[in-house]
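**Student:** Submitted below is the structure of interest, expressed as structure tokens.
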Amino acid sequence: MHLGIVVVYAVPPAYERMLDLHLRQIDRHTAVPHTIFGCLVRASEAAADRLRTHPRVGLLAGVPTTARGSGEHSHYLDQLASAAIDAGVTHVVTLHVDSFPIHGDWVGRLVGRVSSQCPVVTGAGVHSSCLLFEREFYLRTRPAFAPDDEVCGEPRFQACVRERGFVQHSGVGLAVQACLEGRSVALLTPEPVPGSVATIYDNCVFHLGGGLKSIPAEGEESQAYRLARGGALRAAGRIVRAIVPSRVRQVMRERLGRELMAQYNINRAESSRVRTRREMERALADPDTYLASVLAAVRPPGAGATTARS
């Protein structure tokens, strides 16, 4: 076999150490013949140099897009997957900069889940931090990672998403295509890491989770906290003033319920971003030590843990 690893490399300067860890882990744990097909998207010059000089990385000058977020990611993954298949790989696996193998047989474990009736393997809900598919399946229809609105709006597409519990982001197009062909998708078991925002899939692939997109610009946290605090205080004041006759109280309760729920969602999202940023800072300060601590949290001593230094 020949594995094609496809990655969209959006690597700002602060993320360069994570890129180094990502590449080291692929090098250390990928025994099968493989090529990394990458695309530079707003990457630092140092990161670009690392990738250009890596012996197993082939960079694609992708067709640009004005899309952002999942749409942009899918746009480049479509091009990278097509390039990998055209180059002759037998299997394609997608990774993120903050996802990488942690086990020497990660490829065997993933490919072992593939069969004629199950051509796609991915994280629960469908996730491009680890999504593997076979060559023959892709060549039949070359499905898009994220189909356009017209395709996504088709009743059979939506029915498949609902019935299988898929999330409509990058990679869902391949999972839905497999289902529309009457085949299945193997979902990897996500194992949360205690005290961490990271996830480990089937004890063989690590994903920090949220990673780059969850890191706000400098100063954004304090502004968000000020907004959250101010919103909570205003909501509390409204609750006190709402203790009035029942009809008015009912109206106020309905309005406040919506406002408080919105505020709760804002606070929860911001808390998640702060935790991710703190964890990212730990990871970037000493990637090897960070990864060793994460693996120690989910693997008992003597269980054959494979650390970054192995």
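**Student:** Can you confirm whether segment 96-105 contains a residue that is under 23 Å from CYS118 (Cα atoms), of a type in the set (Val, Ile, Thr) and touching a residue at least 60 places away in the same chain (Cβ under 8 Å)?
**Tutor:** no
**Student:** Considering (1) of a type in the set (A, V, I, L, M); (2) part of a helix (DSSP H, G or I); (3) modelled with pLDDT under 95; (4) loosely packed, with under 13 Cβ neighbours inside 10 Å, say which one ALA159 fails and leave the rest.
**Tutor:** Result: ALA159 passes all but (4).
**Student:** Within segment 179-195, work out how many residues are buried (at least 20 other Cβ atoms within 10 Å of the Cβ) and of a type in the set (Ser, Thr, Tyr).
**Tutor:** Adding up the residues that qualify gives 0.
**Student:** Is one or more of the residues making up segment 35-47 of a type in the set (Lys, Arg), surrounded by fewer than 15 Cβ atoms within 10 Å (Cβ to Cβ) and not in a helix (DSSP H, G or I)?
**Tutor:** Taking every residue of segment 35-47 in turn, at least one turns out to be of a type in the set (Lys, Arg), surrounded by fewer than 15 Cβ atoms within 10 Å (Cβ to Cβ) and not in a helix (DSSP H, G or I).
**Student:** Continuing with the same structure: If you take the residues of segment 53-77 that are among the β-branched types (Val, Ile, Thr) and under 18 Å from ALA87 (Cβ atoms), which of them is surrounded by the fewest Cβ atoms within 10 Å (Cβ to Cβ)?
**Tutor:** VAL63
**Student:** Looking at the structure I just gave you, is GLU259 assigned to a helix (DSSP H, G or I) and modelled with pLDDT under 80?
**Tutor:** The answer is yes for GLU259.
**Student:** Let me ask another. Check segment 25-47 and report whether any residue there is under 30 Å from ASP148 (Cα atoms) and in contact with a Ser or Thr (Cβ under 7 Å, 6 or more places away or on another chain).
**Tutor:** No, the conditions are met nowhere in segment 25-47.
**Student:** Does segment 202-211 contain any residue that is modelled with pLDDT under 85 and surrounded by fewer than 16 Cβ atoms within 10 Å (Cβ to Cβ)?
**Tutor:** Within segment 202-211 (the criterion being modelled with pLDDT under 85 and surrounded by fewer than 16 Cβ atoms within 10 Å (Cβ to Cβ)), the answer is no, since none of the residues qualifies.
**Student:** Under the condition of being among the basic types (Lys, Arg) and loosely packed, with under 14 Cβ neighbours inside 10 Å, which residue from segment 262-310 is modelled with the lowest pLDDT?
**Tutor:** Among them, the one singled out is ARG309.
**Student:** Hey, could you check segment 162-178 for residues that are at pLDDT below 95 and over 18 Å from the mean Cα position of the chain (by Cα) and say which is surrounded by the most Cβ atoms within 10 Å (Cβ to Cβ)?
**Tutor:** The qualifying residue surrounded by the most Cβ atoms within 10 Å (Cβ to Cβ) is ARG164.
**Student:** Among the residues of segment 101-122, are any assigned by TED's automatic domain parsing to the domain that holds HIS73, among the acidic types (Asp, Glu), within 21 Å of THR30 (Cα to Cα) and in a strand (DSSP E or B)?
**Tutor:** Scanning segment 101-122 turns up no residue that is assigned by TED's automatic domain parsing to the domain that holds HIS73, among the acidic types (Asp, Glu), within 21 Å of THR30 (Cα to Cα) and in a strand (DSSP E or B).
Let's see how each residue does on (1) assigned to a strand (DSSP E or B); (2) within 22 Å of VAL126 (Cβ to Cβ):
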position	(1), (2)
VAL8	yes, yes
VAL11	no, no
ARG17	no, no
HIS22	no, yes
ASP27	no, no
LEU51	no, no
PRO55	no, no
THR66	no, no
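The values are calculated or read from the model by the stated rules, or taken from the named source; none is laboratory data. Since this is a predicted model, take the numbers as computed values, not measurements. Counting neighbours? That spans all protein chains shown, and the Cβs are built from the backbone with ideal geometry, glycine included.
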